[in-house]
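Visitor: Here you go, one structure.
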Amino acid sequence: MSAERPVHPRRTVLRAGALTGLGLAGAHLAAPGPATAAAETAGETGGYLVGRGLADATGEVAEVGMMGYGRFDQQAAGLHTRLRARAFVVADRASGRRVMLIVADSPMIFDSVHRAVLRRLAEAYGRLYTEQNVLITATHTHAGPGGYSHHLLYNTTTFGFHRKTFEAVADGLFEAAQRAHDDLAPSGLVLSHGTLTGASVNRSRPAFDRNPAADRDHFPDAIDPHTTLLRVEREGRTVGAVNWFPVHATGMSGDNRLISADNKGYAAYHWEREVHDVDYLADGSPAFVSAFAQTNSGDMSPNLDLRPPTTPADFELTRAGGLRQYEAAAAQLDTAGVRLDGPVDSRLVYVDLSDVEVRPEFTGDGRTHRTSKPCVGASMAAGSMEDGPAFPGFQEGENPFWDAVSDSVIYTVSPELAQAQAPKDVFVPIGEMNRLYPWVQERVPVMLVRIGRLHLIGIPGEVTICAGLRLRRTVAEIVGADLDDVLVAGYSNAYFHYLTTPEEYDAQQYEGGSTLFGRWQLPALQQTAAELATALRDGTDLPLGPKPPDLSGSVLSLQPGVVLDAPPAFRKFGDVLVAPRENYRAGERAEVVFAGAHPGNDLHRGETYLEVQRQESGGTWRTVADDGDWATRFHWKRDGIAASQVTVTWDVPQGTAPGAYRIVYHGDAKSAFGAVTPFTGTSPAFTVR
């Protein structure tokens, strides 16, 4: 056992800077450097500079409430895969305009994170990257740590705010953005579209069926099979890709206790680590970066049998769902696609969704309507029965008992609020609670990004496919774009729960009960999207609108941190408590139990809690897997009051080279005086035959 933490290259390392392009600083594009000249000599076409970046954004992995299912009992107890942030910068060399897209393996992007990343970008780059040209979106994994919002509703299952997770998420996203900025180089962009079925199902069919034929006919199977790929090309090679496909990241069940990037995380991992295995830069980031982003996935479930998955079957179901998304994206590399050219531009405004007057041309009934203060319906408390129910005693649709209790016992709803929220029977008037303490966000960002012919509508919530279709049609008509080239970028820049069509809202399924601002919320956002599209088309600016307040000074943290760690009696930190077998074959699981410490002492962001190492000729050990790999799992549990047991498993992959292997665990122990000391535990060697 050693206090030193050696650095083991986990893949073949390329020459430092081999794929690092032209870094840009200041408001205008820098003069071409050597990387630019080389790329132009190689025949790069198009007027874009593109940068790619990847970073670790994993928060706490033990004793933190997990985000997504709204369950108090889902407390993290280890790590399945690390959560990554992937960033892309596209700059138009003609105009100097640029946009940044960050796709995070994260449950949601809250205003807290949006604000923190923008602040870090401002400190590093001045006014080069602002809220007007940075789109941050989440994959919506339901197996990530929570506690990083500044709004109370999302921290109830995490016992308040978790500073370590918040900083890990914000730092990871910013680090990915930095790497994308430093990687800027002349590149081609190719846009293509495909169809993916067998990867999603409509989990709210009764609500979907209420939509008019013009919407339903666009989705004959009640799913959105549209898969879009934006690929980055340099010197004839694809070096990056962003895929958009709508499906919930609910492959991992509510019974799972390991932090995981779910199906979209696996799709990206597979393309980066399992397909492009050796293309790694000196800093450990891959030369190929792939992001799998969300679109209008509000009613799209990966659970094709419309039943919540169970653990441990959910691991393979998650992998299968991610593999389908990867295959559909990678297949588009064989198509010509459309090489993009044209402007890069963007607009963002803030809208107070609690008080929007919606004009008749958007309401659909020829009359003016208003949104209202946010309210929770009883069907929201039920959760999505197809992906994972939340609180017992509630159901989707009508909840007469709870409606009666709320109407007669808890509060009385004003006629104006009741009318704006109808036919929702208000269960929790959360907007009224906002007067006392900020529970949910009311002033939200809405964004529109253009990269050539591609348009992204940044919506801070979960948009159903028909709601997304109406937003897309609104923008496409104004800017004159093909509908396929206009996408909703859901889960972007903030979070306001769901967005349904008024007809879907009337069904008061889970999605309708979670559409907080009432029946006219979608028309209000169509109105906003139309204003953004008009400004983008005409090259005009819009007032920023009512920016939300900074809540960083009023967060509540109720869960105490780690007090101290102690090894089991007569043991040292890192000791092997249960050794592996002597021999394994491919397909079997190697397992080691160590005397460990609490993982919250050091989150190992950008590092690893574990390594699987193979003995090379000459006796040296080379790392072949770490805690970011699909085949490894890191389990933590308490052993008494202060002791911990850490179990590391490795599912030996098919094709693993025969030889001697070992498992290494990196931990950090906290003393009674608060000092944190790193340690390492190493298993006996075992043979893979």
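Where a number appears in this text, it was derived from the coordinates with a stated rule and is not lab data. The model shown is predicted, which means the values in this text are computed figures rather than measured ones. Cβ placement follows ideal geometry from the backbone for every residue including glycine, while neighbour counts extend to all protein chains displayed.
Visitor: How far apart, in nanometres, would the label points at ALA579 and ALA213 be if each is projected 7 angstrom from Cα along the Cα-to-Cβ direction?
Guide: 7.5 nm
Visitor: Quote the relative contact order of the range 576-688 in percent (integer), defining contacts as alpha-carbon pairs under 8 Å separated by 6+ residues.
Guide: 35 percent
Visitor: Divide the volume of the convex hull of the Cα atoms of the range 502-658 by its number of residues and quote the answer in cubic angstrom per residue.
Guide: 310 Å³
Visitor: What is the Cα radius of gyration of the range 185-291 over 2.2 N^0.38 Å, N being its residue count?
Guide: In units of the 2.2 N^0.38 Å rule of thumb, it is 1.37.
Visitor: What net charge is computed for the residues neighbouring ILE430, neighbours being all others with C-beta under 14 Å from the C-beta of ILE430, Lys and Arg scored +1, Asp and Glu -1?
Guide: Its environment carries a net charge of +1.
Visitor: Using only Cα atoms, figure out Rg for the chain and give it as a multiple of 2.2 N^0.38 Å. Provide the component values of the computation, followed by the final result.
Guide: Values: Rg = 24.9 Å, N = 689, 2.2 N^0.38 = 26.4 Å.
Rg over 2.2 N^0.38 Å, computed on Cα atoms: 0.95.
Visitor: Using the scaling law 2.2 N^0.38 Å as the reference, what is the normalised Cα Rg of the range 282-374?
Guide: 1.74
Visitor: DSSP loop chymotrypsin sites (Phe, Trp or Tyr not before Pro) in the range 517-602 with at most 13 other Cβ atoms within 10 Å of their Cβ, which ones? Present the calculation step by step, with values, prior to reporting the outcome.
Guide: Details: sites: PHE517, TRP520, PHE570, PHE573, TYR584, PHE594; in loops: PHE517, TRP520, PHE570, PHE573.
Answer by residue number: PHE570.
Visitor: I've got another one for you. Mind checking the full-extension length gain between ARG435 and GLU361? Use 0.36 nm per residue of separation minus the Cα-Cα distance, one decimal, nm. Provide the component values of the computation, followed by the final result.
Guide: Details: separation 74, 0.36 × 74 = 26.64 nm, distance 3.25 nm.
Computed gain between ARG435 and GLU361 is 23.4 nm.
Visitor: Could you give me the percent of Cα pairs per 5 Å distance bin for the range 576-688, shortest bin first, beginning at zero and ending with the bin that holds the maximum distance?
Guide: All Cα pairs considered, the percentages come to 2, 12, 22, 24, 18, 11, 7, 3, 1, 0.
Visitor: Continuing with this model, one more query. For PHE570 and SER95, compute 0.36 nm times the residue count separating them, minus their Cα-Cα distance, and round to one decimal in nm.
Guide: Full extension from PHE570 to SER95 adds 164.2 nm.
Visitor: From the phi of every residue in the range 192-208, what ³J(HN,Hα) in whole Hz does the Karplus formula 6.51 cos²θ - 1.76 cosθ + 1.60 yield, where θ is phi - 60° and glycine or proline is x?
Guide: So the Karplus estimates, Gly and Pro as x, are 9, 10, x, 10, 10, 10, x, 10, 8, 8, 7, 8, 9, 4, x, 6, 4 Hz.
Visitor: In deg cm²/dmol, rounded to 500, what helix-only [θ] at 222 nm does the chain give when every DSSP H run of at least 4 residues adds -39500 (n - 2.57) and the total is split over its residues? Please list the in-between numbers first.
Guide: Numbers: 16 runs with 147 residues, N = 689.
The helix contribution divided over the chain gives -6000 deg cm²/dmol.
Visitor: Going by average Cβ neighbours within 10 Å, how do the peptides 429-442, 555-568 rank, with the highest at the top?
Guide: With the highest mean Cβ count within 10 Å placed first, the list reads 429-442, 555-568.
Visitor: Right, next: Using the Cα atoms of the range 297-345 to build a convex hull, what is its mean projected area in square nanometres?
Guide: Taking the Cα atoms of the range 297-345, their convex hull projects to 5.9 nm² on average.
Visitor: Students often forget the sequence filter, so: which lysines lie under 25 Å Cα-Cα from LYS670 once same-chain residues fewer than 8 apart are removed?
Guide: LYS164, LYS572, LYS637
Visitor: I need the phi-derived Karplus couplings for the range 414-424: 6.51 cos²θ - 1.76 cosθ + 1.60, θ = phi - 60°, integer Hz, Gly and Pro marked x.
Guide: With the stated coefficients, the range 414-424 comes to 5, x, 5, 5, 4, 5, 5, 9, 4, x, 5 Hz.
Visitor: Once phi is turned into ³J(HN,Hα) by the Karplus curve 6.51 cos²θ - 1.76 cosθ + 1.60 with θ = phi - 60°, what whole-Hz value does each residue of the range 234-244 show in order, with x for glycine and proline?
Guide: Working through the residues one at a time gives 9, 6, x, 10, 7, 10, x, 7, 10, 10, 10 Hz.
Visitor: Enumerate the amide H contacts of ASP341 below 5 Å, restricted to partners 5 or more residues apart or on another chain; note that Pro and chain-start residues carry no placed amide H.
Guide: Distant-sequence amide H within range of ASP341: ARG453.
Visitor: Among GLU123, GLU167, what is the fewest-to-most ranking by other Cβ atoms within 10 Å?
Guide: Exposure proxy ranking, most exposed first: GLU123, GLU167.
Visitor: Here's another thing I want to ask about it. Would you please put 128-136, 172-180 in order of how densely packed they are, using the mean number of other Cβ atoms within 10 angstrom per residue and starting with the highest? Show your work: numbers first, answer last.
Guide: Values: 128-136: 21.9, 172-180: 25.6.
Those peptides, ordered most packed to least, come out 172-180, 128-136.
Visitor: Now for a different question. Under the rule of at least 5 residues apart or a separate chain, name every residue whose amide H is placed under 5 Å from the amide H of ALA643.
Guide: ALA566
Visitor: Right, here's the next one. Once you charge only the Cβ atoms, +1 for Lys and Arg and -1 for Asp and Glu, what is the size of the charge dipole of the chain about its Cα centre, to the nearest 20 debye?
Guide: On the way: 63 positive and 82 negative charges, 281 e Å.
Around 1340 debye, computed over the chain.
Visitor: Let me ask another. How much net charge surrounds PRO502 when only the other residues with a Cβ under 13 Å from the Cβ of PRO502 are counted, with Lys and Arg +1 and Asp and Glu -1?
Guide: So the environment of PRO502 carries a net charge of -1.
Visitor: Next question, about the same structure. Do any trypsin sites (Lys or Arg not before Pro) in the range 220-268 lie in a DSSP loop with no more than 13 other beta carbon atoms within 10 Å, and if so, which?
Guide: none
Visitor: I would also like to ask the following. May I ask for the Kirkwood hydrodynamic radius of the range 142-204, worked out over all distinct Cα pairs and given in angstroms to one decimal? Write out the running numbers ahead of the final one.
Guide: Details: mean 1/r = 0.0630 Å⁻¹.
Result for the range 142-204 stands at 15.9 Å.
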